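Undergrad: Once you've had a glance at the structure underneath, I'll fire off some questions.
We did not get these values from a lab; they are worked out from the coordinates using the rules stated. Note that this is a predicted model, so its numbers are computed, not measured. Neighbour counts are summed over all protein chains in view; Cβ atoms, including those assigned to glycine, are modelled from backbone coordinates with ideal geometry.
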Amino acid sequence: MDFSPCKKIIENISRVIVGKKQTIELLLVALMAEGHVLLEDVPGVAKTLLAKSLAKSIGGSFDRVQFTPDLMPSDITGFNVYDQHSASFSFRPGPVITNVLLADEINRTIPRTQSSLLECMEERQVTVDGETHQLPNPFFVMATQNPIELEGTFPLPEAQLDRFLLKCSLGYPDKQEEFQVLSRFQQTDPLQKLVSVVTLEDVSRMQRDRRNIIISDPVRQYIVDIVWATRDHSAVQYGASPRGSLGLMRAGQALAALRGRDYTLPDDIKLLAIPALAHRIILKEQNRLRGESSEQLLEGIVDRIPVPALSG
């Protein structure tokens, strides 16, 4: 199993994005685990630039949908058009027919349109007028939402949130990083010079190989213990789902591959527990009103549950 192309992708993206190595790694983890990412952050911190850099690095197609209140599901999935000459309908694909889709400000559209992505993200296909169309392979969704504006937004339904493997953020650069941003973008846009460093076939192969990364019974039990602790917690109304358990396991395998190992460590799971599970947890109303967060809750759970010792 050769996962060295992952390092090439990270290095290539870093030619455009200054710093933020941990977020870039999480993006690669989600891609290798055949999942999707929800990026919650303030405007102007290079979320779109990150998605474009990833698409260019893997030699894949890229499309962007700006989610607005009047956006319709067909604006994403595509629709059938009647051709008078042939007296038949032909499918006009929507922007979802791509390798990397940026769903920008996904919480600004109505739930009906948000849910049109469910089939795409889970089954890698779209169904229009009873006809199913397969999506390209690989297929990766990076959705963004702005956490500081509530007016005119529609919170993502739990079913939609559960489809995202990881939720993370970029955050502001530090002073030194922002200085480098100004220097890097002063005369040219480095994205214009970015070239692919791997092929789509490389990505698909690594996704298949990731499934063979060893994950021992103690590590699987560690995942189960963490997930069950979210369901038994007194502050939680609904804990992480079994899809969350599977997602955390696959993300752990992907991180191990990224770090050059053919086996998953408990530390991989510990590092990924918050980005993989926090958005799947619904706290009780009284706990939310007290300002508690699912991230804080998971920190406590991870600190409390003993890390298994692996033999040999």
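Undergrad: Could you give the dipole magnitude of the stretch 1-147 about its Cα centre, charging the beta-carbon of Lys and Arg +1 and that of Asp and Glu -1, in debye to the nearest 20? Walk me through the numbers on the way to the answer.
TA: On the way: 13 positive and 17 negative charges, 139 e Å.
For this selection, approximately 660 debye.
Undergrad: Given Asn212, Ile282, Ser74, which one lies farthest toward the positive end of the charge dipole of the chain, if we put +1 on the Cβ of every Lys and Arg and -1 on the Cβ of every Asp and Glu?
TA: Asn212
Undergrad: Can you give me the Cα centroid spacing of the stretch 108-131 and the stretch 62-99 in angstrom?
TA: Taking the Cα centre of each part, the stretch 108-131 and the stretch 62-99 sit 12 Å apart.
Undergrad: Roughly how many debye, to the nearest 20, is the charge dipole of the stretch 213-304 about its Cα centre, given +1 on each Lys and Arg Cβ, -1 on each Asp and Glu Cβ, and no other charges? Provide the component values of the computation, followed by the final result.
TA: Numbers: 12 positive and 11 negative charges, 48 e Å.
The dipole magnitude comes to about 220 debye.
Undergrad: Between Glu11 and Leu289, take the C-beta separation as r, use R0 = 45 Å, and let me know the FRET efficiency to the nearest 0.05.
TA: Values: r = 45 Å, r/R0 = 1.00.
Working from the Cβ atoms, E equals 0.50.
Undergrad: Can I ask one more? Amide H neighbours of Leu283 under 5 Å, at least 5 residues apart or on other chains, H built in the peptide plane: list them.
TA: Gln237
Undergrad: Rounded to the nearest 0.05, what FRET efficiency is calculated for Asp209 and Gln22 with R0 set to 30 Å and r the Cβ-Cβ distance? Could you put the intermediate results ahead of the total?
TA: Details: r = 23 Å, r/R0 = 0.77.
Using R0 = 30 Å, I get an efficiency of 0.80.
Undergrad: I've got another one for you. Keeping to pairs on different chains or 8 or more places apart, tell me how many lysine pairs in the chain have Cα atoms under 17 Å apart.
TA: 21
Undergrad: If each residue of separation counts as 0.36 nm, what is the full-extension length gain between Asp262 and Lys175 once their alpha-carbon separation is subtracted?
TA: Contour length minus Cα-Cα distance gives 27.6 nm.
Undergrad: With θ set to phi - 60°, apply the Karplus curve 6.51 cos²θ - 1.76 cosθ + 1.60 along the stretch 116-123 and write out the HN-Hα couplings as whole Hz, x wherever there is a Gly or Pro.
TA: Karplus-based 3J(HN,Hα) across the stretch 116-123 equals 5, 7, 4, 5, 4, 6, 8, 10 Hz.
Undergrad: Need the full-extension length gain, Ser234 to Glu122, defined as separation in residues times 0.36 nm minus the C-alpha distance. One decimal, nm. Walk me through the numbers on the way to the answer.
TA: Working: separation 112, 0.36 × 112 = 40.32 nm, distance 3.09 nm.
Extra length available between Ser234 and Glu122 comes to 37.2 nm.
Undergrad: With the dipole of the chain worked out from charges on the C-beta (+1 for Lys and Arg, -1 for Asp and Glu) around the Cα centre, which of Pro136, Ala51, Gly19 lies farthest toward the positive end?
TA: The Cα lying farthest towards the positive end belongs to Gly19.
Undergrad: A further question follows. Would you please give the FRET efficiency between Ile282 and His85, computed as 1/(1 + (r/R0)^6) with r the Cβ-Cβ distance and R0 = 51 Å, to the nearest 0.05? Walk me through the numbers on the way to the answer.
TA: Numbers: r = 53 Å, r/R0 = 1.04.
Once the sixth-power term is evaluated, E becomes 0.45.
Undergrad: OK, next. Calculated from DSSP H runs of 4 or more alone, at -39500 (n - 2.57) each and per residue, what is the 222 nm mean residue ellipticity of the chain, nearest 500? If you can, show how the numbers build up before the last one.
TA: On the way: 15 runs with 139 residues, N = 312.
Result for the chain: -12500 deg cm²/dmol, rounded to the nearest 500.
Undergrad: May I ask what percent, to the nearest 5, of DSSP beta bridges between residues of the chain are antiparallel?
TA: Numbers: 12 of 29 bridges.
Counting DSSP beta bridges with both partners in the chain, the antiparallel share is about 40 percent.
Undergrad: About the Cα centre, and with charges only on the beta carbon of Lys, Arg (+1) and Asp, Glu (-1), how big is the dipole of the chain? Nearest 20 debye, please. It would help to have the intermediate numbers written out before the result.
TA: Numbers: 34 positive and 39 negative charges, 136 e Å.
Here the chain has a charge dipole of around 660 debye.
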